Structures are given as structure tokens and as C-alpha cells.
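Asker: Once you've had a glance at the structure underneath, I'll fire off some questions.
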């Protein structure tokens, strides 16, 4: 049984327009073959639900860079304990360091819209965070190292996506992928083959952990490094960017 795990921005969604229509042939193929597609994104559950609905998906979703898992049929949860702990941590930083990081909790909906290119309603959904805080760090490399050390000591980590540095608990899309794949395998009583697709540094662990990882070309940022898994053929790269590349690779991998 195949289960597909996919990043959104810059992967299944166009980096600039957030359009997924070029991937429709591959999405339809997965649907016809009853292959689950688990979205795995830095986006919030509130953001991802309408995207999943537009794609016709009803599968678990890995939200906020793996900090949480949402199940599309169970309604949105309102527990924000983890997010509150992150914001409390940021407020305890020395002022010289705290002013170097600004996140979604510091910005208005209009500012989030401006920085992400999202329409106002989508930007508001992006601010409905439960597990993580994306933002921008503007300090020196030494200041950033100190910031990351404080995060680690507080039980958090940070992942760099295509746009933002995201503070979150010490978990990842990769760990969530393994959990979900294990559950599918247990329910189906069969072995699971995982395909994971992504374009940015925060996707790399997931790509490394999958049976087949796919790096989707994204000219908006530097390409991901070549790893030993890629040298051995377990990770491949698309020639086309975004949803066009996603469509290209899914059709190739699923149909052989």
C-alpha cells in the first residue's frame, strides 16, 4: 500500500500564487487508486482544511511543521497550550535578543498578509496557531546561535522553511509521517510504502525518512543539498517547479 505525504507551499501549491491546478491529473490519479494523500505543512489546521476540501481530500494532515496532527473529519480543536508556552518563552528573552525575532503573534492580519502574499481571510487563518510560531530572525549569526541555544534549553527547536523560521516543539514532519504510516499499515494489515514530496529545508527529514523522497524544484530559494540517500537513489528531483513538478513526479512514481 502506498501513502503519499506532501508539503504544500512551493511543492503542491505554487510558491507565489498558491495555485494547485497543474497537479490535478496526479491528484485525480491518487483518488482513483485510493492512495491516501497526507498533507504535511507549516500551515495551521485552519488554513489546511479549506485546501484539503478543494483538493477533495479527507485524510489526516500534518500541521505546523509536524508540531501537530489534524484529522479532517473531527472538527477543529481549540487547545493552544503549546502556542502559549512558545509565546511565553519569547517574552522572557533579553530585550536585545527578543527584538531580533518577530512572529505571527506580533503581526496584525494585514502584516501577515503582506509578508506572505495571502488574502486577508487566509492570513487570518494563518494566525490561528496551536503548536508553532513562524517568524523572521534579523540578528547576526552569533545572535541566532544564542537564540537557538535558548530555544533548545526551553524544550523547543526551530526549522527554516521557504520564508520563515518556525519555533515548535522538538518533533518533525518525519516523525509524524512514520506515526501515520504505521497506523495505516496496522489498519490495512499490510506493509506501507511512503512517498514524500517537499522543496525546503524543513521537508528534508521527511524526505530522508520516506521510502522515496522527492525534492520539488523551487527557483525561489537555493536547492536542497545532495544527501547520501539521494546518492543511493532513494531521493529524486523534479525538473519542473511547484505543482507542475509535483504532477510530473507523482505520475512517474505511481504509474511506473
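Asker: For residues in the stretch 35-49 being part of a helix (DSSP H, G or I) and touching a residue at least 60 places away in the same chain (Cβ under 8 Å), which is nearest to residue 194 (Cα to Cα)?
Answerer: 45
Asker: Please verify whether residue 216 is free of Cβ contacts under 8 Å to residues at least 60 places away in the same chain and either surrounded by fewer than 22 Cβ atoms within 10 Å (Cβ to Cβ) or not assigned by TED's automatic domain parsing to the domain that holds residue 164 (or both), treating the condition exactly as stated.
Answerer: Criteria not met by residue 216.
Asker: Please list, ordered by residue number, the strands (runs of 3 or more DSSP E) wholly in the stretch 151-209 having 1 or more residues that are touching a residue at least 60 places away in the same chain (Cβ under 8 Å) and outside the structural domain of residue 227 (by TED's automatic domain parsing).
Answerer: Counting at least 1 such residues, we get 156-160, 165-169.
Asker: Could you say whether any residue in the stretch 12-34 is outside any helix (DSSP H, G or I) and surrounded by 24 or more Cβ atoms within 10 Å (Cβ to Cβ)?
Answerer: Yes, the stretch 12-34 contains at least one residue that is outside any helix (DSSP H, G or I) and surrounded by 24 or more Cβ atoms within 10 Å (Cβ to Cβ).
Asker: I would also like to ask the following. Restricting to the stretch 117-148, what's the tally of residues that are surrounded by fewer than 15 Cβ atoms within 10 Å (Cβ to Cβ) and either free of Cβ contacts under 8 Å to residues at least 40 places away in the same chain or in contact with a strand residue (DSSP E or B) (Cβ under 8 Å, 6 or more places away or on another chain) (or both)?
Answerer: 9
Asker: Looking at the structure I just gave you, is residue 85 in the same structural domain as residue 125 (by TED's automatic domain parsing), more than 29 Å from residue 189 (Cα to Cα) and out of contact with any helix residue (DSSP H, G or I) (no Cβ under 6 Å at 6 or more places or on another chain)?
Answerer: So residue 85 fits the description; yes.
The values are calculated or read from the model by the stated rules, or taken from the named source; none is laboratory data. Since the structure is predicted, the reported quantities are computational estimates derived from the model, not experimental observations. In this analysis, Cβ positions are derived from the backbone assuming ideal geometry, glycine residues included, and neighbour counts consider all displayed protein chains.
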